[in-house]
Each structure stands twice: as structure tokens, then as C-alpha cells.
Amino acid sequence: LVVVAVPWADVSLDGTPVKAVPLRRLALTPGQHVVRFAHPDYEPVQRTVTVRAGETVNLTVDLPEEGVRIGK
């Protein structure tokens, strides 16, 4: 799984924190996984991806486009 977050986000995979990323490649077991993106200026964004053996899935979240900005 290749994860891209614009501008950046703290990413968790299946409930486990991964790391703050603008871009990160993650090795996953085949099956369904939940990826959560958190940024202090936006509501969290969650996506479910299904990965097949030997497959690379690209997941991009553009928070300014897809996210809900938190009023400050």
C-alpha cells in the first residue's frame, strides 16, 4: 500500500498508529484494511482498502479537497 496525504497526516492502519506522512509505503497482508488520516486542521478521514497478494494499492487523500476543515 502506498499512502499519500496532502498536505500531511498522522496515519493509523487497522487502529495502530503508523507515522506522520506526506508519502509512505506500507507492507500489508492480503485482505481488507482500514486507514485513518488525522491532521489538526481537518476532521479525520477514514478509508477501507482491499489488498490482494502481490498487489500494490495507491491511496491518496487530499485533505483540502476531501476533508472537512475544523473551525478555529
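The values are calculated or read from the model by the stated rules, or taken from the named source; none is laboratory data. These numbers were taken from a predicted model, which means no experiment stands behind them. Positions of Cβ are generated from backbone atoms using ideal geometry, with glycine treated the same way; all protein chains shown enter the neighbour counts. For accessibility, only protein heavy atoms count, side chains too; no ligands or nucleic acids. Shrake-Rupley method; radii C 1.70, N 1.55, O 1.52, S 1.80 Å.
Looking only at the range 55-72, filter to residues that are over 14 Å from the mean Cα position of the chain (by Cα) and of a type in the set (A, V, I, L, M, F, W, C); which one of those is most open to solvent (accessible area, probe 1.4 Å)? That would be Val68.
Give the residues of the range 45-54 that are open to solvent by 80 Å² or more (accessible area, probe 1.4 Å) and in contact with a helix residue (DSSP H, G or I) (Cβ under 9 Å, 6 or more places away or on another chain), sorted by residue number. If the condition is that a residue be open to solvent by 80 Å² or more (accessible area, probe 1.4 Å) and in contact with a helix residue (DSSP H, G or I) (Cβ under 9 Å, 6 or more places away or on another chain), then no residue fits. The set of residues in the range 57-72 that are in contact (Cβ under 8 Å) with a residue 12 or more places away in the chain and either farther than 16 Å from Val6 by Cβ or assigned to a strand (DSSP E or B) (or both) comprises Val57, Asn58, Leu59, Thr60, Val61, Asp62, Arg69, Ile70, Lys72. Of the set (1) of a type in the set (Gly, Ala, Ser); (2) touching a strand residue (DSSP E or B) at 6+ places or on another chain (Cβ under 8 Å); (3) not in a strand (DSSP E or B), all apply to Gly54 but (2). Pairs meeting the criteria (first residue in the range 1-19 and outside any strand (DSSP E or B) and at pLDDT 95 or above, second residue open to solvent by less than 70 Å² (accessible area, probe 1.4 Å) and not aromatic (Phe, Trp, Tyr), beta carbons under 7 Å, at least 6 apart or on different chains) are Asp14/His33; Asp14/Val34.
Selection within the range 1-23: residues that are over 9 Å from the mean Cα position of the chain (by Cα) and surrounded by 15 or more Cβ atoms within 10 Å (Cβ to Cβ). The member of this set that is nearest to Ile70 (Cα to Cα) is Val6. Going by the structure shown, is Arg24 at pLDDT 95 or above and of a type in the set (Lys, Arg)? No, not satisfied.
Within the range 25-44, the residues that satisfy the criterion of being open to solvent by 80 Å² or more (accessible area, probe 1.4 Å) and either under 14 Å from Asp10 (Cβ atoms) or not in a loop (DSSP other than H, G, I, E, B) (or both) are Arg25, Gln32, Arg36, Glu43.
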